[in-house]
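The values are calculated or read from the model by the stated rules, or taken from the named source; none is laboratory data. Predicted model, so just to flag it, every value in this text is computed and none were measured. All Cβ positions, even for glycine, are placed from backbone atoms using ideal geometry, and neighbour counts span all protein chains on display. Each accessible area value is taken on the protein alone, full model and side chains, heavy atoms only, with ligands, DNA and RNA left out. Shrake-Rupley method; radii C 1.70, N 1.55, O 1.52, S 1.80 Å.
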Amino acid sequence: MTFTDNTFSNDNAKKDIEPIIGGNSFDFPKPISLIKQICEICSSLNSKILDFFAGSGTTLHATMQLNAEDGGHRQCILVTNNENNICEEVTYERNKRVINGYTTPKGVEVAGLKANTLRYYKTDYISRDRTQKNMRDLVTAATDLLCIKEDLYDEQKTFGRFKLKPQLARYFNNERRHMLIVYREELIDEIAEEIKNLDFGKMRLKIYVFSPGRYAFNDNFREVEDKVELVALPAAIYDAYQKVLPKRREKLLELENKEEDGEHQSSTKNPTDLFDGQGL
């Protein structure tokens with residue numbers, strides 16, 4: 001088979017998508033057969049496949065089909081600017097139906113590729129200036145990216161005996177790994193103390209902790225260092241961005257504004273108030 005075969009034609013691509021979301025939904029879809037063969041040639045069973053120009057979502061559809069055929073565990077990330085609502089109305093809707101199953105206009109039932117999951121994220125702008133507010137906003141907004149990086153999406157409302165407030169700390173885990181994201185450094189000592197009572201088996205708890213610099217509060221976790229892996233945020237995020245963003249002169253780190261200072265002072269009066277409640 002060559003890439004000039006008729007099976008890779010745009011006409012066949014339209015036939016792929018029309019039964020799923022109807023006709024006239026997208027002018028120039030890519031044929032599933034073409035993308036699937038490219039992925040088969042260029043990827044391994046556990047590859048991450050990235051398409052910066054998602055269009056109708058063919059790359060994800062082809063990835064899921066290829067996984068179903070060869071038992072692969074490829075992951076696929078699609079990116080689009082959502083021009084004319086294409087992401088919401090075509091890209092996302094198409095692949096949601098592919099996963100859940102759908103009925104064609106002729107009444108044919110098509111089984112879903114239910115071994116897959118689909119997540120939809122929106123991006124927004126945060127200034128590069130390293131003020132305390134911008135840095136905290138970046139860490140909060142980057143939580144979804146950390147979930148993708150760690151392949152962890154099951155959020156728990158409690159950590160040990162504490163019920164967490166999501167604006168202060170969030171905890172994710174599955175049978176393979178654990179991740180805790182700490183947005184307020186005032187929680188650190190209590191978290192370190194609680195970790196003493198927790199068993200993570202052979203795994204380490206990955207802790208992403210907000211820090212104005214590169215220090216991840218290693219001293220505070222000294223007694224449980226065999227249980228944790230510490231990463232300072234947003235320093236790790238800025239390091240990653242520096243590889244792709246144009247160089248610029250960074251402004252000096254600004255002090256927290258009066259409002260945030262007031263919040264800090266009130267929050268440190270009683271550290272346990274930072275949690276919704278304690279089980280013990």
(message) Can you compute 3J(HN,Hα) from phi for each residue in the range 154-166, using the Karplus curve 6.51 cos²θ - 1.76 cosθ + 1.60 with θ = phi - 60°, rounded to whole Hz and x for Gly and Pro?
(response) 8, 8, 9, 7, 10, 10, x, 8, 9, 9, 7, 8, x
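Can you pull out the chymotrypsin sites (Phe, Trp or Tyr not before Pro) in the range 102-131 whose DSSP state is coil and whose Cβ has at most 15 other Cβ atoms within 10 Å?
120, 121, 125
So, counting K/R as plus one and D/E as minus one, what does the shell of residues with Cβ under 14 Å around residue 197 add up to? Don't jump to the answer; show the numbers that get you there.
Numbers: positive: 161, 196, 227; negative: 190, 193, 194, 199, 223.
In short, -2.
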(request) Compare 163, 30 by solvent-accessible area with a 1.4 Å probe and give them largest first, with all protein chains kept in place. (result) 163, 30
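Would you mind computing Rg(Cα) / (2.2 N^0.38 Å) for the range 94-154, counting N as its residues? Please report the intermediate quantities before stating the final value.
Values: Rg = 18.5 Å, N = 61, 2.2 N^0.38 = 10.5 Å.
Dividing the Cα Rg of the range 94-154 by 2.2 N^0.38 Å gives 1.76.
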(message) Whole angstrom only: what separates the Cα centroid of the range 29-92 from the Cα centroid of the range 143-214?
(response) 31
(message) Counting C-alpha atoms alone, how compact is the range 35-125: give Rg to one decimal and Dmax as a whole number, in angstrom.
(response) 13.5, 44
(request) Run down the lysines and flag those whose C-alpha is under 24 Å from the C-alpha of residue 106, throwing out any fewer than 8 positions away in its chain. (result) 14, 15, 30, 96, 114
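Which order, highest average first, do 49-58, 80-89, 108-117 follow once you tally other Cβ atoms within 10 Å for each residue and take the mean per peptide? Let's see the in-between values first.
Working: 49-58: 18.9, 80-89: 13.3, 108-117: 11.5.
Ranking the peptides 49-58, 80-89, 108-117 by packing returns 49-58, 80-89, 108-117.
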(request) Tell me which residues come under 5 Å, amide H to amide H, from residue 82 once H is placed; ignore anything under 5 positions away on its chain. (result) 87
(request) Rank-order 68-74, 142-148 by packing density, defined as the average count of other C-beta atoms within 10 Å over each peptide's residues, highest first. (result) 142-148, 68-74
